[in-house]
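Remarks on the structure that follows.
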Amino acid sequence: FGEMIARASEGVELFPGDVIGSGTVGTGCILELQPENAGGWLEVGDTIELEIQGIGTLTNSIVAYDSTENLNHR
């Protein structure tokens, strides 16, 4: 975990309370599950929520990719 913190803080100052996502937990990745337990891949319209008690919930929705949208406008 220390190496992960070191890598995440390269060029960025971390502060107490910052949250660093470290990937999935055991069986949290669809590729680790047996086909009958996988439930399928994420699809347009699916919603994913990551909740941490005392902090809150991060919610993301799967949307269709619009190839006409310019993603370099940021």
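About the Cα centre of region 2-61, how large is the charge dipole given +1 on each Lys and Arg Cβ and -1 on each Asp and Glu Cβ? Please answer in debye to the nearest 20.
80 debye
For region 2-61, what is Rg from Cα atoms divided by 2.2 N^0.38 Å, rounded to two decimals? In units of the 2.2 N^0.38 Å rule of thumb, it is 1.47. The residues packed around M4, meaning those with a beta-carbon under 15 Å from its beta-carbon, carry a net charge of -2 if Lys and Arg are +1 and Asp and Glu are -1.
Every number in this text was worked out from the coordinates using simple rules, so none of it is lab data. Computed from a predicted model, the values in this text were never measured in an experiment. Reconstructed Cβ throughout: ideal geometry from the backbone, glycine too, with neighbour counts over all protein chains shown.
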